[in-house]
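The structure appears right after this line, and notes come after that.
The values are calculated or read from the model by the stated rules, or taken from the named source; none is laboratory data. On a predicted model such as this, the values are computed, not experimentally measured, just so you know. Neighbour counts run over all protein chains shown; Cβ positions are idealised from the backbone, glycine included. Surface areas here come from the heavy atoms of the whole protein model, side chains and all, with no ligands, DNA or RNA. Shrake-Rupley method; radii C 1.70, N 1.55, O 1.52, S 1.80 Å.
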Amino acid sequence: MLGKTILFRHSYLFLALFVCSYSYMFIWFTNGVRMFSYVFIFITSFKNYLLYIPFREFAVQLISNISLDHVDVNGQLSAVEGGTFRVRCEATTTESVSDEVKYKWTLNDTEITSPRFRIISTGNYSELSVRNTTQRDRGNLTCNATVLGESALASADIVVFSLRLIANPETVDKGSGTEVVCDLIPNTTHQLDTSFTLFRNAESPKKYQHEVKLNITQLMVSTTIRCEMQLQNQSTFTKNIHITVFDEATPFCAPETDTDTFGTHNMTWNATNVGLTAFSPCPEGFDGMVSRKCNQKGNSGVWGTANVTNCERRIFRNLIDQLENVNDGFQDVSIVKILRIYSNTTDSLNNQSSLITGDINSGVIILEKTTDIFSSKSRNISLPETEAYLSATNTLLSSDTATNLWQEVGDNNAAKVLNITSTFASVAFNSLQNNNKTLFTRPSLDVEINRNNEGNITFHAFNQPLGKDDRLFLAKESLKERTNTTGYIAIHYSTIAQLLPRKTSVDGQDITVITSVLSLALPGIDMLSLNPPLYLYFKYDQIHDEGVRCSFWDYTLEKNGFWSANGLKTVHQNSTYTECTSTHLTNFAVLLSLYEIPDNHDEYLGIITQIGCSVSIAALVVLLIIYFMEWRHVPTDKSKILVTMAVVFLLAYVIFLAGIEGTDNKIACKVVAVVLHFLFLVGIHLMVAEGIVHGKMLATVSKEPRSISPILLPIAWGIPVLIVAISMGVTKLEGYGDGKYCWLSTSNGLIWAFFAPCAVIVVINFMIFVFVVRKLFSIQAVKKQTKLQKFISGFRCFSVLAPLFGFTWTLGFFSINEDTIVLSYLFVIINSFQGLLILIVHGLLNPKIQSSWKRKISVFRKKEKFTSTTKTTDEIAFDDITTVSSKRVYSSLEPTEGIETES
């Protein structure tokens, strides 16, 4: 069919050539001009050849077939609103075609480019998947396949159904019944390949081929019913409904007509028992449901305030739909116009005192959708668009907007506004063509964008009534590793502080924000520390004598962040203003912390960490050099595991210091968290390997003990690989690098993937240590010692094994709150200096290494030859603890030849 169409299209050319050639013949006969005869002969001689070419090229179909799957007999694709569906387009080519087929999808004649539509194409087929299907996705879907210039089309009409789950009535008297219906709108399930499953409390689910109509004759308790529906092998879609059972024998709220919530719109509330929530549809002009809880007061019930957060004003819904269409590429609407309509409508509602919490939600969504469009589209933001966006943000954050509405709608929306405004400003930074400073001043916020700043960064509020004296300063020396020219984005919010959540990162207790909010971003620069630090100055409107400190809004935790003072230091404070500086320090205590380190200790712990880890890095390098030089004297299992442990902790310390606070780059932060998780797990598993080696050396006495390091080392690496792989698979990397540091999150429990293995290994090593001590005290030479000497021997044993067995890590287990902060200090001090302890005890004080050094010094000085001496009982070091037999004495920890002692 396709070949015939192409042939027909070219027949007009053939007819024109035929007419033209015989016209020349007529002219030749009429005028007798020889030139025209030559033209005639030329054209007629090539006529047949020209006619032959189209037949030869286009008579063969390159695409023999093209089809879409899941298309019914009526040429329709069925989908469910809110669900996900997939459709595959496959073109079959003739055997002679080796080129790859190229596919293009269109919806209602517009090419699909939206990220909500995922397209995966290969040479054989193209698959389109649509997530969160909406009614806007209805229309004609077309797949265009092209190969070697030949195209073929396949199309179908998308029909979007809505899943409906209703109960009539939803509130019933105890012992009464109701009817539950679950079906599709429009109701054509008899024509579709559908399946419905109904779940009711703890009862077994019931499956239906088509729509569900369930008569419940008697209800004694409130019931939740869930309906799951699957359409034509697509993803399952679910809806829930709650049927409330009213019991007159218990306290209840009497039926009531509410005239206050929406002014002129009356709302009727049915009788509801204490503790339950009643629902009612939003009035005309809104979509959604209003909820109202019945609270207990004495022996009766009293209605609470109606919650209208889920009521969506249709004029705002229309704006959101337009923005979604623009983002999907199906509509070309002026963003400026949408933002101005929102601002004007919100101002009008404010003047009429008609703004509701649902309007706050809509405003946040409009700003979020607009930011997504600007972030995803590869185009510059114009100056009018920037001004319209900031005006809309100002309207949403205006002091005229009732603060109680923000409190009702929830804290996280204000935090989200901070985040999306920062994102928008970053996009605007890259779009503005003017390299000089650009200022945008609004009553609720000031924005300063400077693409070409030289020297220091200075920013202060402009003409705002609140916080007009607030300012920040960053010296150019803080950016000395960059060029002397850098851009920045500074924002001053005068009203948002009162709308943000009032919780801290330490204890979650409420705080009072008494100043405005300052924001500084340096695009393209990831700063782990600022030296000199950022200077901040905040002025109070009222006198505050004590308890005032600087904080910053940390986005790194779930639910859009929290207040934190990490890295902030107050340098001057009185009753009217506070000056502080901002920097960042690394804290080793985060490894085993199950709670947030208090801000006032975080800085000191960070300093200790940096010093301790730096010293340990140097010490481990020295230890590795020593063992490399003296390896022929210490080629034992203990030494092999010790060297491996030194390499692992050396890498862990370096990565910890370099990347633990790199939370600006989310992907890199997750990589650092995963690598640190793995390295520290390997380190603690090598500790238990050391314990096993020491236990084996005491338990067995043999001239040639069998080496077990080839078994222990793969296990010490393999188990951490398994733990990290399972953790990554289960959490899908959620919790890796999602907190204040590039480490494991405590909020979702991922920290236990490190905490639990640590605890198990410490317990195992403690049991091995008890076994070692018992063997130590069973030696005849030790039995003869006094109690003080035995205590000293036991203490020396513990001192030698503690850094290797991980006993010092137990301090982290007991650092559970601010009352035990001293344990956090001990944990950081001892474990950050762990590399130094290992160098001293197992490097510098190792008897074999000391003996080797003595020999080398003796040879170097040429004074005397090295002679082996037998140690006295008082000189017994733990590394040379021996097991006594009637014939020979062998070292219990490592094989020793040539040493004999009488028992």
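Structure values in brief
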| item | result |
| --- | --- |
| Restricting the stretch 364-395 to residues that are outside any helix (DSSP H, G or I) and open to solvent by 60 Å² or more (accessible area, probe 1.4 Å), the residue that is modelled with the lowest pLDDT | S378 |
| Some residue of the stretch 224-247 being farther than 30 Å from L68 by Cα, open to solvent by 70 Å² or more (accessible area, probe 1.4 Å) and acidic (D, E) | no |
| S114 vs. criteria under 35 Å from the mean Cα position of the chain (by Cα), small (G, A, S) and either surrounded by fewer than 14 Cβ atoms within 10 Å (Cβ to Cβ) or closer than 30 Å to K369 by Cβ (or both) | yes |
| Close pairs from the stretch 405-417: first charged (D, E, K, R) and part of a helix (DSSP H, G or I), partner at pLDDT below 75 and crowded, with 17+ Cβ neighbours inside 10 Å, Cβ under 8 Å, at least 6 apart | K416/N560 |
| Test set (1) in contact (Cβ under 8 Å) with a residue 12 or more places away in the chain; (2) within 21 Å of S235 (Cβ to Cβ); (3) of a type in the set (A, V, I, L, M, F, W, C) - A154 fails condition number | (2) |
| Matching entry among D183, D173 (being open to solvent by 30 Å² or more (accessible area, probe 1.4 Å) and acidic (D, E)) | D173 |
| Enumeration of residues in the stretch 427-452 that are crowded, with 16+ Cβ neighbours inside 10 Å and either among the aliphatic types (A, V, I, L, M) or touching a residue at least 60 places away in the same chain (Cβ under 8 Å) (or both) | V427, A428, F429, L432, L445, V447, I449 |
| Of all residues in the stretch 505-527 being open to solvent by 80 Å² or more (accessible area, probe 1.4 Å) and either of a type in the set (A, V, I, L, M) or farther than 23 Å from A668 by Cα (or both), the one that is modelled with the lowest pLDDT | D507 |
| Number of the condition not met by D446 [criteria: (1) farther than 13 Å from I491 by Cα; (2) modelled with pLDDT of 80 or more; (3) of a type in the set (D, E)] | (1) |
| Qualifying residues in the stretch 639-676 (those that are of a type in the set (S, T, N, Q) and outside any helix (DSSP H, G or I)) - the one surrounded by the fewest Cβ atoms within 10 Å (Cβ to Cβ) | N665 |
| Verdict on I660 being closer than 30 Å to G843 by Cβ, at pLDDT 75 or above and within 23 Å of the chain's Cα centre (by Cα) | yes |
| Pairs where the first residue, in the stretch 324-344, is closer than 14 Å to T386 by Cβ and the second is open to solvent by 50 Å² or more (accessible area, probe 1.4 Å), C-beta under 8 Å, 6+ apart | V336/P384 |
| The stretch 130-151, residues that are in contact (Cβ under 8 Å) with a residue 60 or more places away in the chain and either open to solvent by less than 10 Å² (accessible area, probe 1.4 Å) or among the aromatic types (F, W, Y) (or both) | L141, C143, A145, V147 |
| Out of N435, N430, sole residue that is modelled with pLDDT under 80 and either more than 21 Å from the chain's Cα centre (by Cα) or at negative phi (or both) | N435 |
| The listed residue being crowded, with 18+ Cβ neighbours inside 10 Å, among the acidic types (D, E), over 25 Å from T441 (Cβ atoms) and under 28 Å from the mean Cα position of the chain (by Cα), out of D321, D328 | D328 |
| Counted residues, the stretch 260-281 - those being surrounded by 16 or more Cβ atoms within 10 Å (Cβ to Cβ), assigned to a loop (DSSP other than H, G, I, E, B) and either over 36 Å from the mean Cα position of the chain (by Cα) or among the β-branched types (V, I, T) (or both) | 3 |
| Within the stretch 564-615, considering residues that are among the aromatic types (F, W, Y) and surrounded by fewer than 19 Cβ atoms within 10 Å (Cβ to Cβ), the one modelled with the highest pLDDT | Y577 |
| Residue ID - farthest from the chain's Cα centre (by Cα), chosen from residues in the stretch 282-318 that are surrounded by fewer than 17 Cβ atoms within 10 Å (Cβ to Cβ) and of a type in the set (K, R) | K297 |
| Test: T485 is closer than 26 Å to S382 by Cα, open to solvent by 10 Å² or more (accessible area, probe 1.4 Å) and either modelled with pLDDT of 85 or more or acidic (D, E) (or both) | no |
| Yes/no for N65 being open to solvent by 50 Å² or more (accessible area, probe 1.4 Å) and over 31 Å from the mean Cα position of the chain (by Cα) | yes |
| Filter result (within 25 Å of R131 (Cβ to Cβ) and open to solvent by 70 Å² or more (accessible area, probe 1.4 Å)) within the stretch 192-223 | D193 |
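The rows are residues; the columns are (1) over 19 Å from Q191 (Cα atoms); (2) among the acidic types (D, E); (3) open to solvent by 20 Å² or more (accessible area, probe 1.4 Å).
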{"position": "D72", "(1), (2), (3)": "no, yes, yes"}
{"position": "A79", "(1), (2), (3)": "no, no, no"}
{"position": "E100", "(1), (2), (3)": "yes, yes, yes"}
{"position": "N108", "(1), (2), (3)": "yes, no, yes"}
